[in-house]
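Here is the structure we will look at, set down as structure tokens.
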């Protein structure tokens, strides 16, 4: 059969990225408490394509992935990127996986345990050297300082999402990034709160009002002070309880504090 | 050309519904203040298919719709259902359109105006006689009565969605259903609130705590007392500010109060 | 502390369903080949609430779930429903879980293996006796019979989704429902196809053109003939490659063939 | 009342972007045939915040928007960005609006007219000078060259999305970008095709097989040759009819052809 993908291409246009997207695959992730955790990922894989080739061989992405026998361990991404470069004869390979990750939490008073889910992302790019970004989206409570200050009683509060993305020079647990976000929040979230816990988180949130701007700054400060982190971006988005739109803030990378 | 859709089918299985789904179309809706409002809808249209026909003629759905010249007026749905029955030789025709609808609101103290968006749905089924359901999803604030009662200060609150669906024996404005939901809420939402308004809605919400159960009951009571409404379903869903899951309640149709 | 949820309610309106929604939880599912499979679910749980109680105790849903230690086995749903009825003093309990499920497939010629993902749903309701529905969404290829018949060469084809829901009187594997859909399709889908496989599936699809109406009828016939299945609904939805809307068909329950 | 947002902030961290997100608003867009078109947008607006301010005044974004009386004309975005800079005392202002846009199309043989919807995006950033990006997502058909070459009959094909983003030095119609994508495709899509049209588009697609790589290159060539376009990015994503994942390609900006 003719290998159409290997045909010469005369349009003289290299392609930055070509590959497969939105593939589902079971993965295993390192878990600080339980060693490993089974979860299910969305996977994107792509490579660059020089100007003289008409197409890439899409099935090779899947062959590389399927060599990992029903479950991909997340720390194999470096190896997979090298295999992508080799087998697809590319100068750059990229892989992105997104997955839900569960952490057992203890309610603040009753100590009742429950599982909280955090959406994570792990993205690797390999050219001459590898570049990895780890990310986690942490849902939290924020309580509005302005509403508290002005109002005789009460203050509007809401579920918010803090999105942290980091490049590191040493291993960082997902759990550590989650803690940075939850320690900065008006209150962490829990799947299970008994009555005494609900009282505690309500009062804690009221005592720690945070603007969306405060959230990104407080998380950024913690990332600034963590020597393992060499780049970061932090976003926060509040599903405002008094509006039907969201409040949003973002800081990327300054590392301004020596 | 052979008309494959008209071929005899020997499997002896009638099809309940066959048609087109997820079509986008501009629509015009009656607006209580501004007479008409232009918006953009998602449209589903389908009919039943007797057991002896192999297929329906999908293009006829679109022809019927496109006769409405770049913009469909929502009160034409009855006519369209009849055209669907006639042109597709069906015993039952169904059409569902979902669209965003905007209402100008005034902030409670400053009277500053802003537009709020509400997702609406209009669904018609025609067999021997027509059956219409009107629906609107109203985002509101709910403040937790339990959290308020137990806590020294503050109370958790959040954005919630109230979903109302009604069958009526007389005309009902979208605006009236929105009012039923907003009057029952701890507070309505607004796109624009100045500082004095934010104080007012915070204090109002604190003064009117509502469980998700309270919300569906209070809206249901208003629908019970509206003589034009002959059937209803009310759901409420709270994006809990202290959890990463939602609280949910639903009442359908009782009309228990004579 | 006052138990606000247990307060008397005077609105005289029972609530059909009240509970938690969109909770994420790790689950284990029976796997025909590998015994069990780890995956991650979306969970909804609710109960009815008599007219004289103001609220339900939402935390009890989570306590019941969390007793299952970091991973819920899907065949525990019957037990959980009974616990929900008991602990929440309800007459009706309902639980719905949705999860991705993976099946290893062999390409038709090369026999190359790869994992395909299928979205599943398992829904249980317990009043006096339990009622369970199992469902699976199977992505497949459909090739248009009309386009093939009319055109000198080629025929439009597309990815479609077949949604099967069944009530059964005996155990049915997810894998069996997947096979019913894939055997009815113009072609099954595969994550990995080598060149010889791509030729085979292209030619098979061209040889087996299927309208959306054909799909639901052929799957329905297989479900009619399976004595373990006592009720079913089948939908098919084609992401038409020549339109930007979808074609849709649905059959529910007839069991017309004796 | 204390102006909490104006309080001094001592964390010494400027914020790159702070504002409102996911706001819905009616907009008017220039239409090549009908002069203007009414549609409904998603709106994001944000500004930078210097390190010494604690918070921004979120309500001002909405006040600026609401000055546009129930409908925002898209060519007012430049003015709005300047107002955002002025009223929020910012060095950088950004606004992004996404909206569905309808174009009337004529079927290739019958000339039957129907409306097709295209998702558009318009994004402006103003620092010292303004920077605008116009984008449109065009759904099309792609037919696989490899599948056609290898198979005795037929070829797999599917719905694909081409995403074009451009910076320009002169006015460019949305309609022109749509044409670039549709002229490059195996076939454009239509909402309404009669039987003779379905035959024509099937045969055209079979005669013009296109890889996802071909799509991005052919669109990129057209953008290279359009002197008004000074930067571009083109993506294409195929909802593969033989897989449950998508094929993807992207080219950004080369302008390599002199």
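The values are calculated or read from the model by the stated rules, or taken from the named source; none is laboratory data. Only a predicted model underlies this, so the values are computations on that prediction, with no experimental measurement involved. For neighbour counting, all protein chains shown are included, and Cβ atoms are generated from backbone atoms with ideal geometry for every residue, glycine included.
Could you say whether any residue in segment A:68-76 is in a strand (DSSP E or B) and facing another protein chain (nearest Cβ under 9 Å)?
no
Being within 14 Å of chain C (Cβ to nearest Cβ), out of contact with any helix residue (DSSP H, G or I) (no Cβ under 8 Å at 6 or more places or on another chain) and farther than 26 Å from residue C:207 by Cβ: is that true of residue D:178 here?
yes
Out of all the residues in segment C:17-67, which are in a loop (DSSP other than H, G, I, E, B) and without any contact (Cβ under 8 Å) to a residue 24 or more places away in the chain?
C:34, C:67
In contact with a strand residue (DSSP E or B) (Cβ under 8 Å, 6 or more places away or on another chain), part of a helix (DSSP H, G or I) and either under 26 Å from residue A:198 (Cβ atoms) or not assigned by TED's automatic domain parsing to the domain that holds residue C:120 (or both), is that true of residue C:97?
Judged against the criteria, residue C:97 is not a match.
Determine whether residue B:98 is closer than 25 Å to residue B:252 by Cα and modelled with pLDDT of 95 or more.
So residue B:98 passes the test.
Please find, within segment D:112-131, the residue that is nearest to the other protein chains (Cβ to nearest Cβ) out of those that are assigned to a loop (DSSP other than H, G, I, E, B) and touching a helix residue (DSSP H, G or I) at 6+ places or on another chain (Cβ under 9 Å).
Per the criteria, the residue is D:112.
Check residue D:232 against each of (1) over 17 Å from residue D:160 (Cβ atoms); (2) within 14 Å of chain C (Cβ to nearest Cβ) and name the one condition it does not meet.
Of the numbered conditions (1) over 17 Å from residue D:160 (Cβ atoms); (2) within 14 Å of chain C (Cβ to nearest Cβ), the odd one out for residue D:232 is (2).
For segment B:212-250, how many residues meet the condition of being in contact with a helix residue (DSSP H, G or I) (Cβ under 6 Å, 6 or more places away or on another chain) and over 18 Å from residue B:179 (Cβ atoms)?
Adding up the residues that qualify gives 4.
So is residue B:177 under 24 Å from residue B:100 (Cα atoms), within 18 Å of the chain's Cα centre (by Cα), touching a residue at least 24 places away in the same chain (Cβ under 8 Å) and not assigned by TED's automatic domain parsing to the domain that holds residue B:36 or not?
Yes; evaluated as a whole, the condition is true for this residue.
Of these, D:81, D:30, which one is at pLDDT below 95, more than 12 Å from every other protein chain (Cβ to nearest Cβ) and touching a strand residue (DSSP E or B) at 6+ places or on another chain (Cβ under 9 Å)?
The match here is D:30.
Exactly one condition in (1) under 29 Å from residue B:29 (Cβ atoms); (2) away from chain A (no Cβ under 13 Å) is not met by residue B:214; state its number.
The single condition residue B:214 does not satisfy is (1).
Quick one: in segment A:163-174, of everything that is in a strand (DSSP E or B) and either more than 14 Å from every other protein chain (Cβ to nearest Cβ) or over 10 Å from the mean Cα position of the chain (by Cα) (or both), which residue is nearest to residue A:190 (Cα to Cα)?
A:164
Could you list all residues from segment B:187-211 that are more than 7 Å from every other protein chain (Cβ to nearest Cβ) and more than 16 Å from residue A:144 (Cβ to Cβ)?
B:188, B:207, B:208, B:209, B:210
Might you let me know whether segment C:243-253 holds any residue that is over 25 Å from the mean Cα position of the chain (by Cα), facing another protein chain (nearest Cβ under 9 Å) and farther than 20 Å from residue B:12 by Cβ? Write out each step before concluding.
To start, the set of residues in segment C:243-253 that are over 25 Å from the mean Cα position of the chain (by Cα) comprises C:243-244.
Remaining after also requiring facing another protein chain (nearest Cβ under 9 Å): C:243-244.
Next cut, farther than 20 Å from residue B:12 by Cβ only: C:243-244.
Yes, segment C:243-253 contains a residue that is over 25 Å from the mean Cα position of the chain (by Cα), facing another protein chain (nearest Cβ under 9 Å) and farther than 20 Å from residue B:12 by Cβ.
With the structure loaded, tell me whether residue D:72 is touching a strand residue (DSSP E or B) at 6+ places or on another chain (Cβ under 8 Å), within 29 Å of residue B:29 (Cα to Cα) and at pLDDT below 95 or whether it fails that test.
yes
Hey, does segment A:77-89 have a residue that's without any contact (Cβ under 8 Å) to a residue 40 or more places away in the chain and either in a loop (DSSP other than H, G, I, E, B) or assigned by TED's automatic domain parsing to the domain that holds residue A:197 (or both)?
Yes, the conditions are met somewhere in segment A:77-89.
Right, residue A:102: crowded, with 18+ Cβ neighbours inside 10 Å, more than 8 Å from every other protein chain (Cβ to nearest Cβ) and either under 30 Å from residue A:245 (Cα atoms) or touching a helix residue (DSSP H, G or I) at 6+ places or on another chain (Cβ under 8 Å) (or both) or not?
No; evaluated as a whole, the condition is false for this residue.
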